[in-house]
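> Take this structure first; my questions come after.
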Amino acid sequence: MIDELIQADASGTQTKFTVRDGHLFVVDGFFTEPGLMENMAQTAAAGTGFRAAEEGKPAPVGFIGAVKNFEVLQMPRTGDTIFSEIKMITQVMNAHVVQAFVKLNDETIASAEFKIFLQ
């Protein structure tokens with residue numbers, strides 16, 4: 001659930017997504033909480049896959065081990081374009097802790113911390 005990978009490097013990833021009518025996570029014209037969380041997760045995965053491809057390696061399989069402090073301040077409507085950002089907090093072996101943010105019109109509307117394990 002991303003339309004465009006804007007940036008990806010060792011410190012983080014940024015993506016863009018336009019919410020469309022008929023999408024699985026759209027209810028009554030609003031992009032729901034599970035959609036926001038899935039968008040965050042796919043932003044993290046896109047960055048990991050992009051960096052692997054740059055190194056000539058296959059994208060690793062990742063698993064979300066924990067989600068902490070998930071907060072939604074506003075749900076976007078259909079037609080809205082959201083920008084998601086993943087910031088690397090720490091990495092220990094194959095465990096990555098990242099902070100995720102979703103913005104609408106330069107305002108943070110959702111955030112969470114993910115613990116992601118890569119195979």
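> Return the residues of segment 73-102 that are in contact (Cβ under 8 Å) with a residue 12 or more places away in the chain, surrounded by fewer than 16 Cβ atoms within 10 Å (Cβ to Cβ) and assigned to a strand (DSSP E or B); say none if nothing qualifies.
77, 81, 87, 89, 95
> Of these, 46, 41, 53, 66, which one is assigned to a strand (DSSP E or B), out of contact with any Pro (no Cβ under 8 Å at 6 or more places or on another chain) and not acidic (Asp, Glu)?
Working: 46 fails: assigned to a strand (DSSP E or B); 41 fails: assigned to a strand (DSSP E or B); 53 fails: assigned to a strand (DSSP E or B).
Within the list 46, 41, 53, 66, the selection yields 66.
> Restricting to segment 2-54, give me the number of residues that are within 21 Å of residue 113 (Cα to Cα) and either among the polar types (S, T, N, Q) or loosely packed, with under 13 Cβ neighbours inside 10 Å (or both).
The qualifying residues number 13.
> If you don't mind, there's one more thing I want to ask. Looking at (1) out of contact with any Lys or Arg (no Cβ under 9 Å at 6 or more places or on another chain); (2) in contact (Cβ under 8 Å) with a residue 60 or more places away in the chain, which is the one condition that is false for residue 53?
The one condition residue 53 does not meet is (2).
> Here is a further query. Which residues, counting only those in segment 50-98, are among the polar types (S, T, N, Q), touching a helix residue (DSSP H, G or I) at 6+ places or on another chain (Cβ under 9 Å) and farther than 20 Å from residue 35 by Cβ? Break it down stepwise before answering.
Pass one, segment 50-98, residues among the polar types (S, T, N, Q): 69, 74, 78, 81, 84, 90-91, 94.
Filter once more, keeping what is touching a helix residue (DSSP H, G or I) at 6+ places or on another chain (Cβ under 9 Å): 84.
Within segment 50-98, none qualify.
Bear in mind that the values in this text are calculations on the coordinates, not laboratory data. For clarity, every value in this text was computed on a predicted model and none was experimentally measured. Here the Cβ is made from the backbone with ideal geometry for all residues, glycine too, and neighbour counts use every protein chain on show.
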